[in-house]
1. So which pairs qualify, if the first residue must be in region 117-130 and polar (S, T, N, Q), the second must be open to solvent by less than 30 Å² (accessible area, probe 1.4 Å) and in a helix (DSSP H, G or I), the Cβ gap must be under 8 Å, and the two must be at least 6 apart or on different chains?
2. Name the single residue that is modelled with the highest pLDDT among those in region 103-146 being open to solvent by less than 50 Å² (accessible area, probe 1.4 Å) and acidic (Asp, Glu).
3. In region 101-122, what residues are in contact with a Lys or Arg (Cβ under 9 Å, 6 or more places away or on another chain) and either of a type in the set (Phe, Trp, Tyr) or under 30 Å from GLY5 (Cα atoms) (or both)?
4. Given the conditions (1) in contact with a Phe, Trp or Tyr (Cβ under 9 Å, 6 or more places away or on another chain); (2) aliphatic (A, V, I, L, M); (3) touching a residue at least 12 places away in the same chain (Cβ under 8 Å), which single one is not true for LEU7?
5. Taking region 13-58 as the search range and keeping residues that are hydrophobic (A, V, I, L, M, F, W, C) and exposed (fewer than 14 other Cβ atoms within 10 Å of the Cβ), which one is nearest to TYR116 (Cα to Cα)?
6. Go through (1) of a type in the set (Gly, Ala, Ser); (2) closer than 30 Å to PRO103 by Cβ; (3) at pLDDT 90 or above for ALA67 and report which single condition fails.
7. If you check ASP107, ASP113, ASP124, which single one turns out to be over 30 Å from ALA54 (Cβ atoms) and part of a helix (DSSP H, G or I)?
8. Considering only residues that are within 19 Å of the chain's Cα centre (by Cα) and among the basic types (Lys, Arg), which ones fall in region 3-32?
Amino acid sequence: MAVAGLLAQYLAVKNQISYNQLQDTRWNDLATAMSKKLSEQENYQEKWDDSSMALYDDWGGSKTYTAKGTTFYDPAKGTKGQSYSQELAAEYYAYAKVPKYDPDKLDEYTELDMEYSTMVSMYDTLIEELNAQAESLKETISTESQDTHLLGS
């Protein structure tokens, strides 16, 4: 095979590597940013769950639960908040206590995190394959450029 043709293939592969590295960096940045957002929502969810369970488990107990100026349970007054059921009081209390928690955002961020991570993995794999192909072409070019094709046949 002609060395010029092999060099053209090699340059095309190197060009693909450069493009894929750019895409890999882009998706990696998106994945990193999304992981941060997802982590924040997961922390909010944990605090929300803790707040909700605290009121739910202590329903009828001795602790007063107030958030954002609303009393959800006050044993001294014998009131159970704004006449909410135990489940609703726990949910409303948790939302008042952790207003930044958004289950829809958590779902969205989870999906995007998986999508971005998949794209990063895909580009990492493509880059590995193209690097192997480039290395193979480099060896073939080296062999072909030294071989005069005058021996044998």
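1. What qualifies is SER117/ALA31.
2. Ranking the qualifying residues of region 103-146, first place goes to ASP113.
3. Of everything in region 101-122, those that are in contact with a Lys or Arg (Cβ under 9 Å, 6 or more places away or on another chain) and either of a type in the set (Phe, Trp, Tyr) or under 30 Å from GLY5 (Cα atoms) (or both) turn out to be TYR101, TYR109.
4. Condition (1) is where LEU7 drops out.
5. ALA33
6. Exception for ALA67: condition (3).
7. Unique residue meeting the criteria: ASP124.
8. ARG26 - this is the single residue of region 3-32 that is within 19 Å of the chain's Cα centre (by Cα) and among the basic types (Lys, Arg).
The values are calculated or read from the model by the stated rules, or taken from the named source; none is laboratory data. As the structure is a computational prediction, the values presented were derived from the model and not from experiment. Reconstructed Cβ throughout: ideal geometry from the backbone, glycine too, with neighbour counts over all protein chains shown. With ligands, DNA and RNA removed, areas are computed over all heavy atoms of the protein, side chains included. Shrake-Rupley method; radii C 1.70, N 1.55, O 1.52, S 1.80 Å.
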